[in-house]
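Please read the structure below before turning to the comments.
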Amino acid sequence: MKNEKNPRLYDTLISYCQSDTYPFHMPGHKRQLKDGPAAGFPNPYAVDITEIEGFDNLHHPEGIVRESMDWAAGVYGADRTYYLVNGSTCGVLAAICAASDWRPEKRLLIARNSHKSAYHAVELLGIGAGYIYPQILEETGLQGGLLPEEIDEMLTTGEFEAVFITSPTYDGIVSDVRGIADICHRHNLPLIVDEAHGAHFSFGREFPASALELGADVVIQSLHKTLPAFTQTAVLHLRKGRVEQERLEHYLQMFQSSSPSYVFMAGIEQCIRYMDGPGREKMEAFTGRLNGLRKNLTGMRHLRLLDEDAAGQAGIYALDLSKLIISVGDSGLDGEELMGLLRNRYHLEMEMCGPGYVTAIATLMDTEEGLKRLEQALQEIDKTMGGGRYRRVSREPIQTGGPGSVMTIRDAVGSVVRRVRLEESVGCVSAEYVYLYPPGLPIIVPGERLNEEIIRKIREYRNLDLPVQGLKDYSTEYIHVAVLRTGQRQPGRET
């Protein structure tokens with residue numbers, strides 16, 4: 001039967017891009033067509049080809065693609081740089097798989113605030129995971145940095161085969177990567193760093209150093225998040241020695257499309273060429289505008305902008321100042337309400353919000369007009385808020401992590417399951433992920449027991465209209481839990 005309903009994606013996309021809504025979200029090119037790598041870039045349809053004669057093959061590069069990636073490695077100072085056309089996700093999956101020997105008794109030490117792709121790698125491997133938890137910045141409820149000494153203690157007392165951390169975080173929190181790398185190498189283990197949100201670090205002197213410069217063995221960067229590149233483009237950098245190159249390339253072939261986009265590969269090359277040339281000067285100008293905006297917002301009475309004073313607290317080694325984290329402070333708003341005000345009244349689209357803050361991503365492609373609009377909007381909101389007009393909200397951090405794993409992620413996902421009401425699942429072992437997306441940090445992971453605190457937080461996020469995802473039941477009323485072996489029973493009523 002013919003579907004009479006017209007598709008709306010294309011028309012809605014065109015309408016949004018033609019509106020006066022300004023993007024403080026990814027991708028980092030901010031749709032600026034007359035400047036940066038987009039200037040002079042052809043119509044993508046005109047250069048969309050496949051692996052024809054003379055154009056090499058990403059999965060077996062010997063010619064022009066190999067030359068391009070070798071050139072990029074020279075720009076970054078890596079032993080090898082790989083173009084990723086399936087985003088940082090495929091790089092994370094490949095790196096973790098390459099660093100693992102797939103033995104179930106081995107474990108990955110993973111920062112609990114890692115992206116869901118890292119957990120998916122653990123699930124595929126069928127191995128266990130140990131978690132290192134970030135510190136908490138009490139004033140805002142943001143997750144802070146990772147303490148090297150805690151990682152050292154875990155590596156001393158447990159058996160791990162690799163360490164995986166995220167730095168910077170979605171909120172621009174940078175951990176002491178050099179200290180962590182030194183500890184990992186002292187234990188003869190590789191350090192993999194998800195630097196998806198720090199692709200600009202390599203090109204701006206006022207930003208923290210890239211993990212590649214600080215001793216990490218594998219670093220994954222999403223160009224599209226903070227640089228002028230197509231959505232879904234990323235790079236992976238390898239330092240030889242602790243992760244076998246051939247294994248890494250094997251898994252990259254496995255997790256990347258067998259029909260890699262030449263448009264994406266050309267876009268990656270064009271982005272890096274620009275950033276290694278005029279982009280460095282533009283980064284200097286951008287940091288000047290960014291510092292001016294931050295200075296002008298220091299006088300807000302109710303809203304709060306996370307600034308460099310946070311460094312040295314809660315494990316925070318440094319801060320990426322291009323991530324504008326606006327805490328609701330004592331305005332009486334919650335994060336969703338503040339984001340809604342910015343969207344509906346001022347036509348400014350933020351990247352995400354948490355219970356008590358919003359995140360705006362600024363990049364070198366932002367215009368002076370765009371940054372000024374954000375500054376004026378925040379100042380105006382700050383003047384009119386406060387005084388108890390809106391409800392006060394919790395400053396608790398985004399909750400991640402249950403009271404402990406009962407089984408591996410893969411065993412839990414592959415187990416016999418029951419569907420129970422979320423409120424009646426206390427003590428059950430989750431067979432599903434629950435996470436906020438963005439940023440994609442798991443609140444609960446398959447194989448972990450649910451407790452009252454986790455359930456309370458899921459309900460709170462749901463009531464705040466935050467994007468709780470992962471459950472098969474989109475309403476988040478029900479959750480699938482594992483049926484335990486050896487006749488053990490779990491609480492909860494089947495439906």
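Take the conditions (1) at pLDDT below 95; (2) out of contact with any Gly (no Cβ under 9 Å at 6 or more places or on another chain); (3) crowded, with 19+ Cβ neighbours inside 10 Å; Arg485 misses just one of them, which is (3).
Taking the range 293-313 only, how many residues are in a helix (DSSP H, G or I) and touching a helix residue (DSSP H, G or I) at 6+ places or on another chain (Cβ under 8 Å)?
2
Looking at the structure I just gave you, is Ser175 hydroxyl-bearing (Ser, Thr, Tyr), in contact (Cβ under 8 Å) with a residue 24 or more places away in the chain, touching a helix residue (DSSP H, G or I) at 6+ places or on another chain (Cβ under 6 Å) and not assigned by TED's automatic domain parsing to the domain that holds Ile325?
no
Any chance you could count how many residues in the range 24-56 are surrounded by 15 or more Cβ atoms within 10 Å (Cβ to Cβ) and farther than 13 Å from Pro228 by Cβ? The number of residues fulfilling the criteria is 4.
Selection of the range 349-359 for residues being touching a residue at least 40 places away in the same chain (Cβ under 8 Å) and either surrounded by 24 or more Cβ atoms within 10 Å (Cβ to Cβ) or basic (Lys, Arg) (or both) yields Cys353, Gly354, Gly356, Tyr357, Thr359. When the residues of the range 406-462 are filtered to those that are aliphatic (A, V, I, L, M) and part of a strand (DSSP E or B), the one that is nearest to the chain's Cα centre (by Cα) is Leu441. Out of the range 463-485, which residues are hydroxyl-bearing (Ser, Thr, Tyr), touching a Leu at 6+ places or on another chain (Cβ under 7 Å) and farther than 21 Å from His115 by Cβ? Listed by number, the list holds a single entry, Tyr478. Against the criterion of being touching a Phe, Trp or Tyr at 6+ places or on another chain (Cβ under 9 Å), part of a loop (DSSP other than H, G, I, E, B), in contact (Cβ under 8 Å) with a residue 24 or more places away in the chain and buried (at least 18 other Cβ atoms within 10 Å of the Cβ), Phe264 does not qualify. Within the range 317-337, residues that are more than 16 Å from Met352 (Cβ to Cβ) reach partners that are in a loop (DSSP other than H, G, I, E, B) and of a type in the set (D, E, K, R) with beta carbons closer than 7 Å, at six or more positions or on different chains, in the pairs Tyr317/Asp176; Gly332/Arg389; Gly332/Arg391; Gly332/Arg392.
Of all residues in the range 140-169, those that are outside any loop (DSSP other than H, G, I, E, B) and buried (at least 24 other Cβ atoms within 10 Å of the Cβ) total 8.
The values are calculated or read from the model by the stated rules, or taken from the named source; none is laboratory data. Note that the structure is predicted; figures quoted are calculated from it, not measured. Heads up, the Cβs are rebuilt from the backbone with ideal geometry, glycines too, and the neighbour counts pull from every protein chain shown.
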